[in-house]
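The values are calculated or read from the model by the stated rules, or taken from the named source; none is laboratory data. Owing to the predicted nature of the structure, the values given are computational and were not obtained by experimental measurement. Cβ placement follows ideal geometry from the backbone for every residue including glycine, while neighbour counts extend to all protein chains displayed. Heavy atoms of the whole protein, side chains included, go into the accessibility calculation; ligands, DNA and RNA do not. Shrake-Rupley method; radii C 1.70, N 1.55, O 1.52, S 1.80 Å.
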Amino acid sequence: MDFDLTAEQDMLRDTVRDILARRYTPERRTEVIGTELGWDPQLWQTFAEVGLLGLTFAEEDGGMGAGPLEAMLVLTEIGRRLAPEPLLDCALLPGGLIAAVGADAQRKGLLPKVAEGELRLAFAHAEPSLRWPSTELATQAVPHGDGWQLTGVKYPVPHGDCADLLIVSVALAEGGQGLFLVDPADPGVRRTSYRTHDGLRGATIEFDGATAEPLGNVVDASNAIEAALAGAQAALCAEAVGAMEESLRLTAEYLETRKQFGVPLRAFQALTQRAADMYVALELARGMSMYASMSLADGITDPVVASRAKLRIGRSARHIGQEAIQLHGGIGMTAEYPVGHYTARLTTIEHTLGDSSDHLRRLGEYVGEYQMVEI
């Protein structure tokens, strides 16, 4: 199996790395996430100009026609710089649902605007009373005149505070889950925004007779939703790998330069062994992230693969984040130093689209299908 990047993939990774390196320092990120929006509109437009907002959309829909491997490279660089721009939440994930389920007119009318940075989407799927995976939805859609109306509550909706258009999942009367488009400015929609643990944004969205338009036909879209979420999980895994890489780099640099009793901390064998364990955890996570993305690139949308990757990433993220703070000592706990912000983002990723216990539970359901299980 060839793990080498193509020249085009190298160029894409280097371009994104250069853009983010020039735009973000830890101080600049703190300034940006402190704004009302929580991310940089100018950088969002730069993303549009280089094709990142439509990275995985088909070329006929205004995108670049790239695949999961290219998305993995981009999200890894975003994780490395902790860039707060909602590339996954407001473009790639909901745009992928429109590409998979939407009618021709919806794809042609919406996706080019997303790719050009003119339209921000959000996928409202999770509900307050449900743990992942959200299968028994309470949100309902009922016919009303020539259209539809939605009633229910969605929480959390990542970056739902800044979305211009919502894609909402509902329980269909005949079973399964349907998808509808809702204008957040509709009188039947109420949004309550908040800051998340890692300094980003989310929203609670209440629907009370909100006017809605079916995304495609009113049919069960459960398979499309599961495939989109598997892709989002792979993207989150890639972002986490980038954040873990930088956490380890910062820690190794600190052990090289910080002195105690007149010698660098790297001279203490116990500390270097803990840093080595961090490296092992990172490489395990990197391998599983590549496994998830390469499976998607081969056309394999398997929730078991996604759960394996998410479980490994969650365990590695927790280990690396905690050790990074411990090895930095008191400075690791300060808001002025970046390592705590990386740990906060890793913690959020670990709890997004199912935490480690959720994915372990899912994997446990498949144990009976194996002839031998090794622990």
If I model a spin label as a point 7 Å beyond the Cα along the Cα-Cβ vector, how far apart are those points for Leu37 and Glu136 in nm? 4.1
Once Lys and Arg get +1 and Asp and Glu get -1 on their Cβ, which of Tyr337, Ser307, Thr348 lies farthest toward the positive end of the dipole of region 307-351? Ser307
Pop out the Kirkwood hydrodynamic radius of region 25-148 from its pairwise C-alpha distances, inverse of mean 1/r, in Å to one decimal. 16.2
Under the definition of Cα pairs under 8 Å and six or more residues apart, what whole-number percent is the relative contact order of region 247-375? 26
Hey, if you put +1 on the Cβ of every Lys and Arg and -1 on every Asp and Glu Cβ in region 1-122, which of Thr46, Phe57, Gly34 ends up farthest toward the positive end of that dipole? Gly34
Using a 1.4 Å probe over the heavy atoms of the protein chains, calculate the carbon and sulfur portion of the accessible area of region 285-375 as a whole percent. 55
Could you do me a favour and compute the accessible area per residue for the chain, 1.4 Å probe, result in Å²? 47
What do you reckon, how do Asp4, Asp220, Asp358 stack up by accessible area (1.4 Å probe), largest on top? Asp4, Asp220, Asp358
Ignoring ligands, DNA and RNA, how do Lys259, Lys310 rank by accessible area with a 1.4 Å probe, largest first? Lys259, Lys310
Which aspartates and glutamates, if any, have their Cα less than 18 Å from the Cα of Lys310, not counting same-chain residues under 8 positions apart? Asp89, Glu226, Glu239, Glu245, Glu283, Asp302, Glu350, Asp355, Asp358, Glu365
Heavy-atom accessible area of Trp44 with all protein chains present, probe 1.4 Å, nearest 10 Å²? 10
What angle do you read, to the nearest 10 degrees and between 0 and 90, between the alpha-carbon axis of helix 222-257 and the longest principal axis of the chain? 20
Excluding ligands and nucleic acids, what accessible area in Å² is computed for Arg13 using a 1.4 Å probe, to the nearest 10? 60
Quick one: helix 339-350 against the long Cα principal axis of the chain, what's the angle to the nearest 10°, folded into 0 to 90? 40
The helix 41-50 Cα axis meets the longest alpha-carbon principal axis of the chain at an angle in degrees, between 0 and 90 and rounded to 10, of 80
Once you charge only the Cβ atoms, +1 for Lys and Arg and -1 for Asp and Glu, what is the size of the charge dipole of region 35-93 about its Cα centre, to the nearest 20 debye? 260
In whole percent, what relative contact order does region 181-239 give with Cα contacts below 8 Å and a gap of six or more residues? 30
Cα-centre dipole for region 151-222 with unit charges at Cβ (Lys and Arg positive, Asp and Glu negative), debye to 20: 300
Grab the alpha carbons of region 104-146, take their convex hull, and tell me the volume per residue in Å³. 149
Amide H neighbours of Trp148 under 5 Å, counting only residues 5+ apart in sequence or on other chains, H built in-plane at 1.01 Å? Ala212
Calculated from the structure, Rg/Rh (Cα atoms, Kirkwood Rh) equals which of [x] 0.98; [y] 0.95; [z] 1.01? [x]
May I ask you to list the lysines whose Cα is less than 29 Å away from that of Lys108, ignoring any residue fewer than eight positions away on the same chain? Lys154
Mean Cα-pair separation over length for the chain, i.e. relative contact order, pairs under 8 Å, 6 or more apart, %: 15
Just how large is the dipole of the chain about the Cα centre, in debye to the nearest 20, putting +1 at every Lys and Arg Cβ and -1 at every Asp and Glu Cβ? 1400
Arranged from highest to lowest average of other beta-carbon atoms within 10 Å per residue, in what order do the peptides 106-119, 341-354 appear? 341-354, 106-119
